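A short worksheet on the structure shown next.
Every number here is computed from the coordinates shown, using simple stated rules; none is lab data. None of these values were measured; they are calculated from a predicted model. Here the Cβ positions follow ideal geometry from the backbone for every residue, glycine too, while neighbour counts run over all protein chains shown.
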Amino acid sequence: MTTLLQINASIFSGQGQSSRLADQFVEGWRAANPDAKLVVRDLGQNPVPHLTAQRFGAFIAKPEERNAEQQVVVDFSDALIEEVRKADVIVLGLPMYNFGIPSTLKAYFDHLARAGITFRYTEKGPQGLLTGKKVYVFAARGGLYAGTPLDTQTSYVRDFLRFIGMDDVEFVYAEGLSMGEASKEKALGQAKAEIVQLVEPLRAAA
């Protein structure tokens, strides 16, 4: 069974613009894949704890030496990783806050990056282990940043996902959402049109 994992990173959960764009894509994708499984992880409603020295220590401790508290931390991380591992398609709703990704998304990424589990170091450098997945990122921004040095999100998200094995990543941007109603409507309209272009071939192939 094909599985889609939708990750909403907005602090407004499903009401965020990035989440709504992701929802539109998922709706079209599910129409083309009616028998598929959908898993939704909402980081606004259920935030992942930020990385601390104690949590990191649990990750690197030898399994036989972990105490009960450390095992709980590792089990939580393992569950997040297993969600990703089982997914064939990943959809990320990505808002921009103060020129960067939401801190809850960073915390989520920190729980995915586990040496020997989601990546490993080789003589040729790091090798990602979560391979064979298609990722769609729906990025909503108040200003205009794509293609400029201020867009730190795109390169960071691409680099992180590639680090753990995902190099087939497609971005859809909705920018200028805080630059007046006309700008907002135009940006959302363009993003929704891009989503239709992404979904139509999937429906045709179904």
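Figures for the structure shown
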| item | result |
| --- | --- |
| Amide hydrogen neighbours beyond the local backbone of Met96, cut-off 5 Å, H modeled | Ala140, Gly142 |
| Within the chain, helix-based [θ] at 222 nm, where runs of 4 or more DSSP H residues each add -39,500 (n - 2.57), nearest 500 | -14500 deg cm²/dmol |
| Cα centroid separation - the stretch 18-54 against the stretch 62-131, whole Å | 16 |
| Residues of the stretch 145-161 with amide N under 18 Å of a point placed 7 Å along Cα→Cβ from Phe99 | 145-157 |
| Percent of beta bridges antiparallel (DSSP, the stretch 3-205, rounded to nearest 5) | 15 |
| Virtual spin-label span in nm between Asp78 and Leu202, 7 Å along Cα→Cβ | 3.1 |
| Relative contact order (%) - criterion: Cα under 8 Å, at least six apart; region: the stretch 3-205 | 24 |
| Estimated inter-spin distance, Lys62 and Ser178, nm [label 7 Å along Cα→Cβ] | 5.0 |
| Leu129-Ala32 pseudo-label distance in nm [points 7 Å out on the Cα-to-Cβ vector] | 3.1 |
| Cβ-derived FRET efficiency at R0 45 Å, Ala193 paired with Gln54, nearest 0.05 | 0.45 |
| Charge-dipole axis of the chain as Lys and Arg at +1 and Asp and Glu at -1 on Cβ define it, positive-most pick from Val74, His50, Tyr121 | Tyr121 |
| Entry for Cα extents along the principal axes in Å (calculated from the structure that is shown) out of (1) 52, 42, 27; (2) 58, 40, 37; (3) 62, 50, 20 | (2) |
| Count of lysine pairs in the stretch 3-205 with Cα separation under 14 Å (8 or more residues apart, or interchain) | 4 |
